[in-house]
Amino acid sequence: MNIKSKFEERFKRKSVLAALLLVIVAALTLEATSLIQYYYAEKGLKEEATKRAESQLENTRLKIEGVLDQVEATIRNNVRLTQWGFGHLDSLHMITAIIVRENPVVSGSTIALVPGYSRKYPLFAPYSYNDPETGEILSKSLATKEYDYPSKEWFTKPIELDTGYWSEPYVDVGGGEGLMTTYSVPIRDAKGNVGAVLTADVALDWLTNYVGGNKVYPDAFNLVVSRKGEIMVAPIETLVMRKTLQEASSTFEDQDEVKSITNSMLNGESGMRVVQGKTNSSHVYFAPVERTGWSMSIVIPDKEIFGEIKSIRRLVELLQVLGLLMLVLILSFAAKSQNQFKALSEKKEKMENELTIARGIQMSMIPKTFPPFPDRDDLDISAMIVPAKEVGGDLYDYFIRDGKLYFCIGDVSGKGVPAALVMAVTRSLFRSVATHEHTSSHIVNIMNNSMAEMNDSSMFVTFFCGILNLEDGHLDYCNAGHNTPIILSGIRKKLNVLPNLPLGIVPDFVFKSQKAVLKNDDGLFLYTDGLTEAENINHELFGEERMIEVLSPRRDASGHLGAMEKAVNKFVDEAPRSDDLTMLYIHYIMTEPGVIKRHLTLENNIEQIPRLSKFINGIAESKKLDEDLAMNIHLAMEEAVTNSIMYAYPEGVIGEIEIGAIVDDNTIEFTISDNGMEFDPTARPEPDITTGVEDRPIGGLGIFLIKKIMDSVTYRREKGVNILKLIKNIK
């Protein structure tokens, strides 16, 4: 063998060794990748199980708290009426009937007198309840020897604690006839003595429905236990109210851990523990319902969490093989450049079509019907967007809530699809946040933090947010690096604004709001820099001076924007548009001096009542009404609105209740309207409160109270709308 052959043989051997080494390295790399992916998959599944369990527990707690809030609010709203009933004992039965009839979650209610409080009735406890078979409101007395209500926990505890009290779940024999819990409060008379206990019974059937099952982990199960450890909800019905948590956990081997979990749950703690069963370990997540002392838990077997990891690992390995095949395919495709060019051309055409559709979707997200509020005579609004490309990053939005106009305008940095996506997110954030917040700075601060948190692309938005009180013209606004709006009054002048930073740049940046007052016939012109920076073919800018010149003659809202668009088009002429152009004009016409007008929209949901209370409180504070007068107005309005919520629309139909208020120095006029079924509450005959409870029909007391409190109560139906008008003289 010559030297050349030896060299070639050695080179070949080294090449084979190198190739083998590469294969080994590749195999080790792939195996290491699989192990790392397996580790992170297991970790991810654990984290996912924890997040899902904690989320389900929190959602369940919020649902339960919602029912508890509704029941407690019902009792609070009827305390004053119950105190009135101390002087009309024969009317107590009607009060409990109203509570049950008007509150679907309340299955029964009683007003139980303290023994000996009344000479006429040593023991007196009229009880109203909903017959589950017929749906009728029935009545009976709990003042019997067999029932002995003075010894019940729901009677003794609130008196002992001198506050509202949720009872331990119990099977009520002789009363509600079922598994229930009771919320009760002590009622004091005018002398401060506890004269009775007012209650609301809640059947626990709803609790099982609220807790529900687990769609992600079918073998997982849920438990709810009382403050004493009694099982209230469990997958096995024979455990409910028959065994404690400790007794039901005997199947687990690790009894020390089970005992620790039980103690933690009964102590109102939250957390996660792992316990070993006879065949499999389980993750136990638990959290308290603090108000009642209950505790919830979710038990997820480990096989439910980690059973698919091996399948995932095989899938990862398969994907690795597919990755190699894809590499081969990519090389193959590289040799077919002509086909690629054709595919790219087709893709470009498809993208252009999709951009056209995207523009339609984008434009559908902003209001574009003008005038937007044809029924209002205090506003004239118009707006327009002219994108420089198929889709753009400018936005505007506005809506009216609680007598105030919430509006905004913004400009996203960049162009095209990325800017359009950020625009959509910004507009959605504004709607979501402004629906609940009441000041411009809060809205902008929340939006900035949300956008900065997800701003991986380093895009930002110049933004201006305003809240115009339509009653008095007060303007609360916050600027985030946007162009200064123009006020059109006797003269054209810039609104005094702080520059601030744009949205999405610095998290937790503190944006400050400012105040101004729009007078009658004032206008507010908002725009993006696509207006002032519009260029002609000589690269001259349209500028602020030309903009203010176009604004000089007074026009209506659409006339201003039409004139401005015409002027910009004439100036730019054939030059290509360099930026999106957006304009918003608000013309404010003040309402009658000295008159306060307010408006509130509620869904036909009893949980909306707290919003009504806040609405009435605002009116009472604005007119400095005394406490008794404000309380009486509260009572009448809550009764009237509750009637609309409960009876205007068929069951399961979502509708709205519109409430308007006109307040002057002498009167408050409320208008309650809905487009539900025709119902005239004033046509019902007044109840005869001089007759005994047994002879008196149920119902009618609510409208009776409204008529006694208000100075005028009238009803009419107009164009399919129920309109109830309540007037109260305040001087």
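Overview of values
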quantity	calculated
Euclidean distance of C-alpha centroids, segment 443-479 and segment 703-730, integer Å	40 Å
Computed FRET value (nearest 0.05) for R76 with V25, which takes r as the C-beta separation and R₀ as 60 Å	0.25
Computed label-point distance, nm, for sites L319 and E544 using a 7 Å Cα→Cβ extension	5.4 nm
Inter-probe distance in nm under a simple model that places probes 7 Å from Cα toward Cβ, at D664 and W206	4.4 nm
Inter-label distance, nm, simple model (7 Å from Cα along the C-beta direction), R242/R554	8.2 nm
Distance from segment 72-145 to segment 534-559 (C-alpha centre basis), Å	71 Å
Segment 149-278 - accessible surface per residue (Å², probe 1.4 Å)	49 Å²
Heavy atoms of K404: accessible area, 1.4 Å probe, square angstrom to 10	60 Å²
Percent accessible area from carbon and sulfur atoms, segment 503-657, protein chains only, probe 1.4 Å	50 percent
Fraction of accessible area attributable to carbon and sulfur, segment 141-265 (%, probe 1.4 Å)	50 percent
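The values are calculated or read from the model by the stated rules, or taken from the named source; none is laboratory data. The structure displayed is predicted, hence computed values, not measured ones. For neighbour counting, all protein chains shown are included, and Cβ atoms are generated from backbone atoms with ideal geometry for every residue, glycine included. Quick note on the areas: whole protein, heavy atoms, side chains included, nothing else; ligands and nucleic acids left out. Shrake-Rupley method; radii C 1.70, N 1.55, O 1.52, S 1.80 Å.
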